[in-house]
Amino acid sequence: MTTNQQLFDTASHLMPGGVNSPVRAFGSVGGTPRFMVKGEGAILTDAEGREYVDLVCSWGPALLGHAHPAVIEAVQAAAARGLGFGTSTPAEAELAELVVGRVSAVERLRMVSTGTEATMTAVRLARGFTGRNLVIKFAGCYHGHQDGLLAAAGSGLATFAMPGSAGVTEATAAETLVLPYNDLGAVEAAFEAHPGRIAAVITEAAPANMGVVAPGEGFNAGLRRITEENGALLIMDEVLTGFRVGPGGYWALAESGWAPDLLTFGKVIGGGLPTAALGGRREVMEYLAPLGPVYQAGTLSGNPVAMAAGVATLQNATSEVYEHVDAASLRLQRSLAAALDAEGVDHSIQRAGNLFSVSFGTSQRGVANYDDAQAQESFRYAPFFHSMLDSGVYLPPSVFEAWFLSSAHDDAALERIEAALPAAAKAAAA
Ligand code: PLP
């Protein structure tokens, strides 16, 4: 048997940090990353044959659990017909129809391959549509690794305590205004300071990359009002929340009577294969090539196997699935709080829809923005994480990430997590 450590050693000689995405390296929790070889339902199996109840769910896509039979069958059937043709295929419109049917703010949709591409294209489109250069983002919100949006970008970057990234030019960074989350006054002031120059505000529909931080009452609607008053676009990033917190994502769940101009999707929309999308108002979307002057393209965009995974996932993401995930999330939040309370660990559980995360030492002040998230006692997470891992529960290897559940997290899986919590809470208390 090859051990996780041997696999990591080999990988580290071949790939920077031994990984293809930084947070997988266990940098903020230490120890040896697990190399998974199989996922079935709520359970992952590593290279050493150890099983874990999975609370990462592929960072969101696995809403139906791993290897859901209907998704695997659809993927196998599509793959057997060919992996891609570089032409349009019927499944693209099929997936687009499912999205348009679920998210009324989407009149037109463009498939891309990653969430980063979706937000990158949305920003370019906003600039092309408005003829303006500046973009507002919020500290702690992550929109993928496009240059202009890496400043104060939460999760992976928060984990590594990097303010932005080397390699991003000052000229690029200067076109992004980074504001504190949940502060409409700061947004209004930015529009006053830069009249006629701001193309768009981009925001996570509900941030989940500085831990979960719910938008305050009326915050997203306030962004809509301010952008509209100033002729700028509102881009709502639903890469993480879309089709996960509810059938239409967070915007459809929490707000009514207004719509963003553009929305971005990823993760669940591809059911575990590389698909993402941007969509929105027809007038804006038709600024994209081939109809409009804003260029965007992709060899693998709308790949038929990925489309099949997305279609099968959304078709099976029924109201029962969301009811199950909501209930499992509530149950786990309560069990987690009870275990931490029993050990006297000061904490708060942050939630938005069925997404939640824990932060330590924050019960008094709460967590409304990135400064609050960074001020927590994050050192308590590594011992908590490793205790859970030793008990067979795979948590996100960073305190700044949400915990993800699926419809496959049944009573047995939840009981295994709950059985592991007391020891982990004790470890966090130490
Ligand atoms: N936007 C949000 C809100 C995300 O959470 C992520 C990834 O976690 C992205 C964009 C980037 O997506 P991807 O990793 O597919 O490029």
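Quick one: which of Ala174, Ala214, Ala206 is small (Gly, Ala, Ser), crowded, with 16+ Cβ neighbours inside 10 Å and out of contact with any Ser or Thr (no Cβ under 9 Å at 6 or more places or on another chain)? Write out each step before concluding.
Values: Ala174 fails: crowded, with 16+ Cβ neighbours inside 10 Å; Ala206 fails: out of contact with any Ser or Thr (no Cβ under 9 Å at 6 or more places or on another chain).
Residue meeting the stated conditions: Ala214.
The set of residues in region 1-26 that are out of contact with any helix residue (DSSP H, G or I) (no Cβ under 6 Å at 6 or more places or on another chain) and assigned to a helix (DSSP H, G or I) comprises Asn4, Gln5, Gln6, Leu7, Asp9, Thr10, His13, Leu14, Pro16, Arg24.
Consider region 13-63 and keep the residues that are of a type in the set (Val, Ile, Thr) and without any contact (Cβ under 8 Å) to a residue 24 or more places away in the chain. The one that is nearest to Leu273 (Cα to Cα) is Val37.
Report yes if Ala424 is more than 24 Å from Ala139 (Cα to Cα) and aliphatic (A, V, I, L, M), otherwise no. Yes. When region 18-50 is filtered for residues that are farther than 26 Å from Thr116 by Cα and modelled with pLDDT under 95, nothing remains. When Glu97 is tested against the conditions (1) touching a Leu at 6+ places or on another chain (Cβ under 8 Å); (2) under 30 Å from Ile202 (Cα atoms), the lone failure is (1).
A quick yes/no check of all residues on (1) assigned to a helix (DSSP H, G or I); (2) buried (at least 17 other Cβ atoms within 10 Å of the Cβ):
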site	(1), (2)
Ala339	yes, yes
Val345	no, yes
Gln350	no, yes
Arg365	no, no
Ala368	no, yes
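Going by the structure shown, is Glu418 within 20 Å of Gly41 (Cβ to Cβ) and in contact (Cβ under 8 Å) with a residue 24 or more places away in the chain? When the stated conditions are applied, Glu418 passes them.
Out of Ala252, Ala259, which single residue is touching a helix residue (DSSP H, G or I) at 6+ places or on another chain (Cβ under 9 Å) and closer than 18 Å to Leu95 by Cβ? Unique residue meeting the criteria: Ala252.
The values are calculated or read from the model by the stated rules, or taken from the named source; none is laboratory data. In this text, all values refer to a predicted model and were calculated from it rather than measured experimentally. Cβ atoms come from the backbone with ideal geometry, glycine included; neighbour counts cover every protein chain shown.
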